[in-house]
Each structure stands twice: as structure tokens, then as C-alpha cells.
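The values are calculated or read from the model by the stated rules, or taken from the named source; none is laboratory data. On a predicted model such as this, the values are computed, not experimentally measured, just so you know. Positions of Cβ are generated from backbone atoms using ideal geometry, with glycine treated the same way; all protein chains shown enter the neighbour counts. For accessibility, only protein heavy atoms count, side chains too; no ligands or nucleic acids. Shrake-Rupley method; radii C 1.70, N 1.55, O 1.52, S 1.80 Å.
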Amino acid sequence: MNALFNLENPVFAWIEKAVESAYLNILWFFCSLPIFTIGASTTALFTVLLKMSRDEESNITKMFFAAFKSNFKQSTQAWLIMLTVLVILVLDGYVTYHLQPESIFWTMISSFLIVTAALWLFVMVYLFPLMAYFENSLLQTFKNSIVVSLRYLLCTLLVLAIHALMLYITVFLFTPAIVFGFGFASFISCYLLRNVFEAIKTGDLAFSQYRKSTEKINEQKQ
């Protein structure tokens, strides 16, 4: 019984991290309100959550804002690019929806939009976590996001499923989950993403060149 209520019990440690992820979700939400800062806020969120998944966090508020500041330029550029692509996809999807559905042209355009939308989601899974974990150019980070998402497809789909489930819970079952939803889903996802990044850094031959160029900086980030 004493062991059950021991503060060092893994259950209590997990609950503490869940509460911290909810707090981080609030920081992320308010720092994302200008919209154009969503990229920097998301990178800061994953910086802290990835450290939490390795039990390396300290002052999470200080860590969050330090990461927000240091990654602001690159993360904002990445987000504005992704936002632009998203707007184009939505507009094209709206136009395509009102075209003649029996035509070959409609089928081709619809297929292209579906594939592009899926690729957009795949890139979003890894883009900001990669910025949080590794140091690289913006273009290379985009390339790596595509390659990693396809090579580790199961992880990609699991991360998307986790966020989709939390979105469903928030919209249809428990609206107050918006207070902690994204942060908690991202926290769970970080255990999957951490394994992928560690594989890239230490064991995946397909990413040996990428590992060589980022390993030293990654050690500094840890």
C-alpha cells in the first residue's frame, strides 16, 4: 500500500508528466494565437516534450520560451509554407468538389489532391519535432520530413491516429479536452518519435549522412 502512494511510483511520475503536458498545451495555445507563430510554438512544445520523454526536463516554462525564441525564424518560415500549401489545398478542394464528378479530369485532380493532402499530413508529423531534435537547414528538414515519414510509415500513421482520436474526443465527447488535448497527444507521440530519432542518430544506415551532419549538434541540444 505504501508503495502505491509513493511519489516515486511510475504511476505518479506519469500523472505528473500528463499534468505538465496540459500546462504546455496552454502555453502552446496562447503563443499560437497570432497564427503565424504556430510553428515556433509547436517546435517549442516538442522541444520540451521530447526532453520529458527522456526524463531530461527541468524548468519547463523556461525551456519552452527559450526554444520558442531560438527556433522562431526557421519554424515560422516552415509554418508559413505549410499554411500556404494548406490554403491552396482547401481552395482547390472546394473548386474540385463543384466540378463534374463523372469526368476523368475530376478523378485525376481529386486523386492528386488526396495524395498531396496525405503528404502534407505526413510532413506535419515530423517537421517541427525534427526542428526540435536536430539542427539543419529548412530545405533539408522538409526533405527529411518526407523521407522519415515514408520510411517509418507505421509510426507516422500511429501519431496521426493519436491526434485524430484526441480531436474526436475534443469535438464530439469532451469539449474541455481542448485545454490539454494537443499537448497530451503530442506527449504520447513523443515516445514514438523519440525512438525514430534515436534510430536515425545511431542505427539507421539509410540516414547515415544525415546522422553524421547532425549528431554533434543533437548532443549539444540534449
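In segment 94-145, of all residues being more than 24 Å from the chain's Cα centre (by Cα) and open to solvent by less than 30 Å² (accessible area, probe 1.4 Å), the one that is nearest to VAL159 (Cα to Cα) corresponds to SER110. Restricting the search to helices (runs of 4 or more DSSP H) fully inside segment 1-101 and requiring at least 2 residues that are in contact (Cβ under 8 Å) with a residue 40 or more places away in the chain and small (Gly, Ala, Ser) gives 10-31, 38-53, 72-97.
For (1) closer than 21 Å to ILE88 by Cβ; (2) in contact with a Phe, Trp or Tyr (Cβ under 6 Å, 6 or more places away or on another chain); (3) basic (Lys, Arg), each residue gets a yes or a no:
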| position | (1), (2), (3) |
| --- | --- |
| LEU113 | yes, no, no |
| ALA132 | no, yes, no |
| ASN136 | no, no, no |
| LEU157 | no, no, no |
| HIS163 | no, no, no |
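For segment 146-159, filtering for residues that are open to solvent by 20 Å² or more (accessible area, probe 1.4 Å) and in contact with a Ser or Thr (Cβ under 6 Å, 6 or more places away or on another chain) leaves 0. Of all positions in segment 52-62, at least one carries a residue that is among the aliphatic types (A, V, I, L, M), in contact with a Lys or Arg (Cβ under 8 Å, 6 or more places away or on another chain) and modelled with pLDDT under 95.
If we scan segment 172-181, do we find a residue that is open to solvent by less than 50 Å² (accessible area, probe 1.4 Å), of a type in the set (A, V, I, L, M, F, W, C) and modelled with pLDDT of 95 or more? No, that holds for no residue.
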